[in-house]
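J.: I am attaching a structure below and will ask some questions about it afterwards.
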Amino acid sequence: DSKEMVREKAQLLLLKMMERDVITPQTLFEKLTPAFSHKNGKIREEVMNCLQTTLTEHGAQSLSVSRLVPCLVKLLSDPMSSVRDTAFSTLVEVYRHVGDRLRIDLQKKQGVPASKLPALMQRFDDMRAADDLLPSALLVDGGRLLHARHLCCIVQASLARGCLELFMVNIK
């Protein structure tokens, strides 16, 4: 539409402001939270696109994603299909950054529409199976690994080192 260029330029401006430390991602999204329920569907869609880009550029640690999840869940039931689709893809992008913390949150507290939850969980499973999660999604408090496959690799490497050291001692 005719305003698409204006929306793109506005998003670029916001991203530049965060890049130059004029505003932090957290502060920006505190100010943008009302846009998740704006009467114009394009605004709702674009704030989610901005969130996805912010996650990609600055990571999940730069803002309190958990505060935005209820807004995203609500938009899964939006009257506009493009907004619903963007909410779905935004939750998938959040999962890429935070991993199973989001899955647990969605299943326990957030009230995801029953028609959307299986598809969302399947996309999460697909991302995990494809090893498409970021390192931040594999860590929990204290830096412990959450992803079982990575944990197995570490154990295997440790065992291999131990066997190699044992082999080297026996050769001497």
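The values are calculated or read from the model by the stated rules, or taken from the named source; none is laboratory data. Just so it is clear, the structure is predicted and the values come from calculations on it, not from any experiment. All Cβ positions, even for glycine, are placed from backbone atoms using ideal geometry, and neighbour counts span all protein chains on display. When the accessible area is computed, the model is the full protein with side chains, heavy atoms only, and any ligands, DNA or RNA have been set aside. Shrake-Rupley method; radii C 1.70, N 1.55, O 1.52, S 1.80 Å.
J.: Regarding region 1-111, what's the average projected area of the Cα-atom convex hull, expressed in nm²?
T.: 6.7 nm²
J.: Right, here's the next one. If N is the number of residues in region 81-127, what value comes out of its Cα radius of gyration divided by 2.2 N^0.38 Å?
T.: 1.05
J.: Report in % the part of the accessible area of region 1-101 that belongs to carbon and sulfur, leaving out ligands and nucleic acids; probe 1.4 Å.
T.: Carbon plus sulfur share of accessible area: 55 percent.
J.: Which lysines have a Cα lying under 23 Å from the Cα of LYS42, excluding residues fewer than 8 positions away in the same chain?
T.: List returned: LYS3, LYS9, LYS16, LYS31, LYS74, LYS116.
J.: Quick one: net charge of GLU57's neighbours, Cβ under 11 Å, K/R +1, D/E -1?
T.: 0
J.: Separate question: Which whole-number value in Å² is the accessible area per residue of region 1-134, probe 1.4 Å?
T.: That works out to 54 Å² per residue.
J.: Turning to a different aspect of this structure: Just in region 1-38: which trypsin sites (Lys or Arg not before Pro) are loop by DSSP and have at most 14 other Cβ atoms within 10 Å?
T.: LYS3, ARG20
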